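Notes for the one structure printed next.
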Amino acid sequence: MDLTPDSSLPARYEPLGAARSGSEGLVLHAFDRERGLAVALKRARPDVERAEARLRLRRELAMLAELAHPGWPAGLDAGTLADGTPFYTMGWVPGVDVADLATPSTEAQVRGWLPTLAGALDRLHGLGLVHGDVSAANVRITPAGGAVLLDLGHGDRPGPLAALGGTLTTLAPEAIAHGQRDRRADWYGLGCVLYRALTGRDPFAGSPEDLLRAHLEDVPTAPRRLAADLSSALEAVLVRLLAKDPADRFADGASLLAALGLPALPATTGELLEPPLLGRDDALAGLDLALAEPGAERWLVGPHGAGRTRLLAAA
């Protein structure tokens, strides 16, 4: 869904293209005059309550700030539009999404960008998080032949799901059958993305009901029947990624790449980057006042992921 660029944008942002609907928000291509670079500006959807939307967007920005990996866009700034709608910006990633590729990718092309993508997921999983929506629309192939993962709107800790969400064509069987997911659900999603990139079609198609049943019960057409030049090694990797049982999938990107004889990218070393504490001036001021009162017992309450630990550390 394309939308007209928002007239309530702060003056520092110049719209460069129509907004597009994404997970949990609308994403606009814009130019940041202060930073002097193109950005993707993600604003809350109008149907999401603003306090909830603000929390979600801040969590996404904090996750991007911690990731600091070439397979993820860089998290930049946060703010509020003139109408009160929260937003944040990240570095603009040029290229084409796997969902929009005009022709299937060659095996050589996929082998070129797969190490970055696998490393990006390993980095995320190393932080104790799962993406939750690894799909053809959320993997962008850059003009240089690289790949970047997008949209952390469904990113969260592993465990039970409050509701079934994400892209139907890439939902892991355990999320459908048991309402839970861990990092292995992301590897299933990556298998669906690779299948689409190499064959030009999703592993399964049909109505929402057909897709849910197929993820649970069906075996996709053998990839080499659709892409005759595909190596047996890469086909075997696809089959393993798309296993119904999570225990039969790869546990991490390093083992996946080893199965293809590809080197893993060097692991990110050093301490994690501290995500910026954005939009918390009022909360910090109130906390400072409370802490200045001697002898009183104080409680800092808020929903999971609201940043209470960070707020205390900054006070």
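The values are calculated or read from the model by the stated rules, or taken from the named source; none is laboratory data. The structure displayed is predicted, hence computed values, not measured ones. In this analysis, Cβ positions are derived from the backbone assuming ideal geometry, glycine residues included, and neighbour counts consider all displayed protein chains.
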Top-ranked residue in the stretch 156-201 [being on the phi > 0 side of the Ramachandran plot and without any contact (Cβ under 8 Å) to a residue 24 or more places away in the chain; ranked as surrounded by the fewest Cβ atoms within 10 Å (Cβ to Cβ)]: GLY159
SER7, sole failed condition from (1) surrounded by fewer than 20 Cβ atoms within 10 Å (Cβ to Cβ); (2) of a type in the set (Ser, Thr, Tyr); (3) modelled with pLDDT of 80 or more: (3)
Residue satisfying all of: in the stretch 11-27; buried (at least 16 other Cβ atoms within 10 Å of the Cβ) and within 15 Å of ALA44 (Cα to Cα); modelled with the lowest pLDDT among these: SER23
The stretch 245-261: number of residues that are surrounded by 17 or more Cβ atoms within 10 Å (Cβ to Cβ) and either at pLDDT below 90 or assigned to a loop (DSSP other than H, G, I, E, B) (or both): 4
Checking ALA137 against (1) of a type outside the set (S, T, N, Q); (2) crowded, with 22+ Cβ neighbours inside 10 Å; (3) not in a strand (DSSP E or B), the condition it does not meet: (2)
Residue ID - surrounded by the fewest Cβ atoms within 10 Å (Cβ to Cβ), chosen from residues in the stretch 206-224 that are in contact (Cβ under 8 Å) with a residue 24 or more places away in the chain and of a type in the set (A, V, I, L, M): LEU216
Residue list for the stretch 140-155, restricted to those being outside any strand (DSSP E or B) and either buried (at least 17 other Cβ atoms within 10 Å of the Cβ) or within 11 Å of the chain's Cα centre (by Cα) (or both): GLY146, LEU150, ASP151, LEU152, GLY153, HIS154, GLY155
Within the stretch 43-53, tally of residues that are out of contact with any helix residue (DSSP H, G or I) (no Cβ under 7 Å at 6 or more places or on another chain) and part of a strand (DSSP E or B): 1
Residue list for the stretch 46-94, restricted to those being within 17 Å of ASP151 (Cβ to Cβ) and basic (Lys, Arg): ARG56, ARG58, ARG59
Check on LEU57, free of Cβ contacts under 8 Å to residues at least 40 places away in the same chain and surrounded by 16 or more Cβ atoms within 10 Å (Cβ to Cβ): yes
First in the stretch 116-141 and closer than 19 Å to ASP202 by Cα, second anywhere and surrounded by fewer than 24 Cβ atoms within 10 Å (Cβ to Cβ) and basic (Lys, Arg), Cβ under 6 Å, 6 or more apart: ALA136/ARG196
Where a residue in the stretch 69-84 is under 24 Å from TRP113 (Cα atoms) and touching a residue at least 12 places away in the same chain (Cβ under 8 Å) and its partner, wherever it lies, is assigned to a loop (DSSP other than H, G, I, E, B) and among the aromatic types (Phe, Trp, Tyr), with Cβ under 9 Å and at least six apart: PRO73/TRP92
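To keep it simple, each residue is scored yes or no on (1) within 14 Å of the chain's Cα centre (by Cα); (2) not in a helix (DSSP H, G or I).
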position: LEU55; (1), (2): no, no
position: LEU64; (1), (2): yes, no
position: TRP72; (1), (2): yes, yes
position: TYR88; (1), (2): no, yes
position: ALA108; (1), (2): no, no
position: ARG111; (1), (2): no, no
position: ASP133; (1), (2): yes, yes
Which listed residue is touching a Gly at 6+ places or on another chain (Cβ under 6 Å), crowded, with 18+ Cβ neighbours inside 10 Å and assigned to a strand (DSSP E or B), from ALA78, ALA40, ALA30: ALA78
